[in-house]
Each structure stands twice: as C-alpha cells, then as structure tokens.
Amino acid sequence: MHDYSDERRISHITLDETTIIWRSADIEQERRIAIFDLLEGNFFAPMRMQPDGYGGPYRVGLSVQEGRLAIEIARDDGTALETHILGMGRFRRPIRDYFAICDSYFQAVKNSTPQQIETIDMARRAVHNEAAELLKTALESKVDLDFDTARRLFTLICVLHIR
C-alpha cells in the first residue's frame, strides 16, 4: 500500500486534445471521473533519479504520437523531466475490449435489469483490471505506480484512442 500523502504522485494531468476526434457524453463522464479520482489519490514515481533529488509531485501529459503512447513527465513547475514512449500493440485488444464492454454497459444502464447491469459491470471491471496490470508491466522499469493509478491512466489512454 502506498502513502498518498507522499510527494511521489501526479499533481496535474493533461490529455492531448488534438488526438481526440469525438467523445460521447458517457465517455466524457468517464474521463472526468478518471481525472478526478486520479488526482484525489495516486502513487507515481519515475524510476530514474534526478540529479537534484527531485521526487515529485509530477505533471503528466498523455498523447499519441505516430501511433505510440507518449507519457511526458515534468516537475510540478512544468520543467520537463522525461518522456516515455510505449508501443500500442499490446494495448490494442484491451482498448477495443474496454470500449465494447463500456458500450454494452452504457446501453444496459438504459434498458436492462439491475442483474444484467451488474454482470456487464463485473466484466467491464475484469477487462479494466487486466489492462491496468498490462500498463503496470509495460512501465515497470520506467515508473513505479500503484494499481488504482494504472487503472485510471488506462481509462485516459482509452479516451485518447476514440476514433
């Protein structure tokens, strides 16, 4: 369990809005909740030590550049520290699955019984959890982060991939 009072956290996060073509109201709500929850409590610690010992908090920018995910990390004052580029191949299926299950969930909320909604929500959480573990693994030598932070970052990565 990480201590959220720690300075090793994200204090501000941005998504490159130029890569986002269109969002439904449901997806926009998911984005707002993910950002709010992320900023309320997260653990985020780049593995590379800074010469001056800087250890957070961090400003993080997410964008898609040439089909790859760019995670730009800066000091709280905006001074750039490092950028990590991740190939998106390993995330394509989880992103596609997550969108499909979210779509089913949003439809179910409008038309289904509470039991049907709960079943779909359990499947949605399972896909989300699996994707969070994948993201943690992809970043393990670059950034230490907790599971909840990985889940919320995955939600934001999905928002960047809406076409």
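The values are calculated or read from the model by the stated rules, or taken from the named source; none is laboratory data. This is a predicted model, so every value here is computed, not measured. Side chains are part of the model used for accessible areas, which takes the heavy atoms of the whole protein and leaves out ligands, DNA and RNA. Shrake-Rupley method; radii C 1.70, N 1.55, O 1.52, S 1.80 Å.
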Exercise for review: Return one quarter of the surface area of the convex hull spanned by the alpha-carbon atoms of the range 32-119, equal to its mean projected area, in nm².
Suggested key: 8.2
Review point. When the helices in the chain are scored as -39500 (n - 2.57) per DSSP H run of 4 or longer and the sum is shared across all residues, what 222 nm value do you end up with, to the nearest 500 deg cm²/dmol?
Key: -16500 deg cm²/dmol
Check your understanding: Taking the chain as a Gaussian network, where each spring joins two C-alpha atoms under 10 Å apart, which residue of R90, R152, R59 fluctuates the most?
Key -> R90
Point to revise | With eigenvalues of the C-alpha gyration tensor scaled by 5 and rooted, the chain, Å | key: 29, 17, 14
Study note, to complete from the structure: Excluding ligands, DNA and RNA, the carbon-plus-sulfur percentage of the accessible area of the chain with a 1.4 Å probe reads 51
Review point. Quick one: accessible area per residue over the chain, 1.4 Å probe, rounded to a whole number of Å²?
Key: 54
